[in-house]
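Note sheet for the following structure.
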Amino acid sequence: MNAVIMPVADGWTIAKRNALKIRRSPDMLGGVVMLPVVLVLLFAYVFGSAIHVPGMPYREFLLPGIFVQAVIMSAQITGYTLTLDLRKGIFDRFRSLPMAPSAVLIGQTVSDLLMNLAGLVVMAAVGLAVGWRVHTSPAEAALGFGLLMLFAYAFSWVTATVALALRTPESFNNIATMVSFPLVFVSNAFLDSSGLPAPLRVVAEWNPVSTFTQAARELFGNTSSALKTADVWPIRHAVAASLLWIAVLLVVFVPLATRLYKKAVSS
Amino acid sequence: MSDAITAEGLVKRYGGVTALDGLSFTVPRGTVLALLGPNGAGKTTAVRVLTTLLRPDGGRATVAGHDVVEDARRLRAHIGLSGQYAAVDEHLTGAENLEMVGRLYHLGAKRSKARARELLERFGLADAADRPVKGYSGGMRRRIDLAGALVADPPVLFLDEPSTGLDPRARAALWDTVSDLVAGGGTLLLTTQYMEEADRLADQVMVVDHGRAIARGTPDELKDRVGGNRIELTVTGADELEPARQALAWVAVGAMRTAPESLRITVPVTDGPEALRRVLGRLAEDGVRVRDAGLRRPTLDDVYLTLTGHRASGAGEQARQTGRTGQAEEALR
Ligand SMILES: Nc1ncnc2c1ncn2[C@@H]1O[C@H](COP(=O)(O)OP(=O)(O)O)[C@@H](O)[C@H]1O
Ligand SMILES: [Mg+2]
């Protein structure tokens with residue numbers, strides 16, 4: 001087997017192993033499928049009755065934001081699973097085999113991507129049931145989901161990097177929660193950020209979560225001319241900026257996670 | 001190339017701790033070497049270096065002709081490893097675990113599946129094959145891990161303390177399996193804290209202490225140096241210790257150890273049963289009353305005490321206890 005095929009073939013073997021694991025751990029599956037459903041219903045009915053955005057129903061505004069949030073939460077499974085596996089001897093087994101070392105992280109991120117996709121499908125279905133609608137062409141909508149998946153994949157590598165640097169499930173969870181909550185809430189995901197006080201508004205406008213949310217809103221047609229969008233480059237060119245973010249995340253975090261993995265397992 | 005494993009002056013340090021301190025040895029193809037030593041002797045570190053999991057700080061080593069550092073990837077196609085702690089995936093079934101390992105050895109889907117079934121059968125796990133490993137007992141996990149090392153039928157095997165944590169019956173079963181394995185002509189490096197395990201499985205035994213080899217030989221050679229069995233004698237009163245010592249000196253082949261507070265004397269002898277018979281006869285003649293008398297095999301502690309003059313630091317007490325686990329071990333002699 002050559003150097004190109006091996007990481008792919010071995011990565012697929014590892015991804016299948018992870019998929020089996022997920023199928024057998026109801027808690028993980030519940031987290032990925034049930035949590036988004038609860039979030040959609042909670043935000044749609046609780047916030048939906050209190051928050052109003054100009055020119056469109058809140059639920060249409062909300063769903064792209066929920067998608068982005070769910071992607072960020074689900075991608076944390078990658079990091080969390082890695083810290084759990086680090087505790088067991090399974091990486092020793094992998095490293096004593098003539099497999100491609102990169103396959104472990106490739107397999108982990110790919111299986112988590114599939115899980116993320118399942119979560120998105122469920123959320124979209126629930127969203128449609130509570131009144132979310134797509135107003136663009138099927139091609140654009142497909143692009144919207146594609147963009148979310150790319151972001152999910154790239155963000156998995158970010159959580160993998162953090163996990164391999166911290167190495168314990170507890171510290172990973174603490175950091176992940178501490179970072180992801182402000183990241184999601186100081187953004188335009190759930191509310192119109194133009195109403196925020198100045199310093200928070202600037203943070204929200206430049207927050208990549210806002211960029212991805214805005215890109216998804218544009219691709220699904222969940223925008224309104226009555227809603228004024230922030231006048232910063234990553235929001236005005238949200239789709240391009242999102243692709244740029246994804247590229248940057250992959251270029252930085254794939255090699256970083258790979259290096260940290262080697263370090264974490266060879267001591 | 002008749003050596004399956006060569007190690008030359010291996011050094012590995014962890015901060016201030018020197019885990020391997022210039023360890024050198026060879027294992028001829030088709031033979032079994034046991035690394036014998038207490039906790040912390042450096043056994044696991046040696047195995048990890050030889051299986052490419054750890055880079056040595058000094059020295060060099062080859063396995064199946066491949067350098068452990070330069071040629072790690074190719075080397076891995078020739079080895080099987082069962083580490084000190086079972087490396088299995090809890091959520092996967094026994095069959096899925098082995099199939100995954102087969103795929104990662106690049107055996108292909110069909111052969112991986114067939115091989116998994118074959119090994120499950122051989123290790124008596126056929127009934128549990130399709131249950132998640134989560135529900136397996138310690139002995140079953142050990143066996144599935146061992147099976148994992150054998151998936152690709154590798155010519156060189158590494159087993160790190162394969163029987164630690166197993167009950168005597170599971171240990172006996174494991175020993176049978178390993179004996180069968182090496183009868184097929186493979187090379188095996190195994191580590192253990194138990195003298196009797198080395199005795200039972202190995203062609204050569206190397207005693208390791210603080211990352212260095214302190215003795216090497218066949219189990220018989222080693223036992224000759226250490227003495228075969230021990231007579232352990234407990235008398236009924238302190239004033240009977242001296243006459244008992246005199247009777248024991250008659251058959252002793254090494255240093256006698258007396259524990260006055262427990263009224264116990266331990267002494268190495270060669271022909272155990274005969275020596276015990278003679279000693280008991282003489283004690284009866286001398287009118288020394290004996291509370292307890294018996295034979296036991298040398299423990300790791302005895303080996304250490306004889307070879308190094310000090311007790312095994314970590315596992316002394318543990319090895320001592322398992323040195324006397326009763327019938328199962330008796331049956332294996
Ligand atoms: N990852 C590690 N970090 C620090 N010290 C270690 C590490 N692994 C082993 N050691 C130390 O190296 C020595 C040898 O350990 P090890 O090879 O595990 O011995 P054994 O397997 O014979 O019990 C011990 O003193 C142990 O504490
Ligand atoms: Mg060890």
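The values are calculated or read from the model by the stated rules, or taken from the named source; none is laboratory data. Here the structure is a predicted model, which is why all the values come from computation and not from measurement. Cβ: placed from backbone, ideal geometry, glycine included. Neighbour counts: every protein chain shown. Remember, those area values only see protein heavy atoms, side chains included, never the ligands or the DNA or RNA. Shrake-Rupley method; radii C 1.70, N 1.55, O 1.52, S 1.80 Å.
Against the test of being away from every other protein chain (no Cβ under 14 Å) and on the phi > 0 side of the Ramachandran plot, the options B:G40, B:G108 yield a single qualifying residue, B:G40. Counting only residues that are more than 8 Å from chain B (Cβ to nearest Cβ), crowded, with 20+ Cβ neighbours inside 10 Å and of a type in the set (S, T, N, Q), how many does the stretch A:1-42 have? Here the count works out to 1. When you look at B:A72, is it touching an Asp or Glu at 6+ places or on another chain (Cβ under 6 Å), within 14 Å of chain A (Cβ to nearest Cβ) and open to solvent by less than 40 Å² (accessible area, probe 1.4 Å), yes or no? No, not satisfied.
Looking only at residues of the stretch A:215-240 that are buried (at least 19 other Cβ atoms within 10 Å of the Cβ) and touching a Phe, Trp or Tyr at 6+ places or on another chain (Cβ under 7 Å), we find that the one that is nearest to A:G65 (Cα to Cα) is A:A216.
Scoring B:V17 on the criteria (1) within 16 Å of ligand 2 (Cβ to nearest atom); (2) among the aliphatic types (A, V, I, L, M); (3) under 18 Å from the mean Cα position of the chain (by Cα) leaves a single failure, condition (3). Residues in the stretch B:153-177 that are away from ligand 2 (no atom under 16 Å from the Cβ) and touching a strand residue (DSSP E or B) at 6+ places or on another chain (Cβ under 7 Å): B:P154, B:P155, B:V156, B:L157. For the stretch A:194-247, residues that are closer than 19 Å to A:Y58 by Cα, touching a residue at least 12 places away in the same chain (Cβ under 8 Å) and outside any helix (DSSP H, G or I) total 10. Every condition in (1) surrounded by fewer than 24 Cβ atoms within 10 Å (Cβ to Cβ); (2) within 10 Å of chain B (Cβ to nearest Cβ); (3) out of contact with any Asp or Glu (no Cβ under 8 Å at 6 or more places or on another chain) holds for A:L86 except the one numbered (2). Considering the stretch B:75-91, the residues that are more than 21 Å from B:L36 (Cβ to Cβ) and free of Cβ contacts under 8 Å to residues at least 40 places away in the same chain include one that is farthest from the other protein chains (Cβ to nearest Cβ), namely B:L75. Criterion applied to B:V156, B:V178, B:V182 was being at pLDDT 95 or above and hydrophobic (A, V, I, L, M, F, W, C), and the one residue passing it is B:V156. Put simply, of B:A202, B:A215, B:A152, B:A170 the only residue that is under 10 Å from the mean Cα position of the chain (by Cα), hydrophobic (A, V, I, L, M, F, W, C) and within 26 Å of B:R48 (Cβ to Cβ) is B:A202. Take B:T44 and decide whether it is more than 15 Å from ligand 1 (Cβ to nearest atom), of a type outside the set (D, E) and in contact (Cβ under 8 Å) with a residue 24 or more places away in the chain. Judged against the criteria, B:T44 is not a match. When the stretch B:24-41 is limited to residues that are within 8 Å of ligand 1 (Cβ to nearest atom) and of a type in the set (G, A, S), the one that is most open to solvent (accessible area, probe 1.4 Å) turns out to be B:G40. A single member of A:A189, A:A154, A:A160 is modelled with pLDDT under 95, of a type outside the set (K, R), within 15 Å of the chain's Cα centre (by Cα) and surrounded by 14 or more Cβ atoms within 10 Å (Cβ to Cβ), and it is A:A189. Quick one: would you say B:L120 is in contact with a strand residue (DSSP E or B) (Cβ under 7 Å, 6 or more places away or on another chain) and either assigned to a helix (DSSP H, G or I) or without any contact (Cβ under 8 Å) to a residue 24 or more places away in the chain (or both)? For B:L120, the condition - in contact with a strand residue (DSSP E or B) (Cβ under 7 Å, 6 or more places away or on another chain) and either assigned to a helix (DSSP H, G or I) or without any contact (Cβ under 8 Å) to a residue 24 or more places away in the chain (or both) - is not met. Just one of the listed residues (B:G37, B:G83, B:G15, B:G59) is at pLDDT below 95 and farther than 28 Å from B:T177 by Cβ, and it is B:G15. Is it true that B:L150 is within 16 Å of ligand 2 (Cβ to nearest atom), at pLDDT 90 or above and either within 14 Å of another protein chain (Cβ to nearest Cβ) or open to solvent by less than 10 Å² (accessible area, probe 1.4 Å) (or both)? Here the answer is no, as B:L150 does not meet what is asked.
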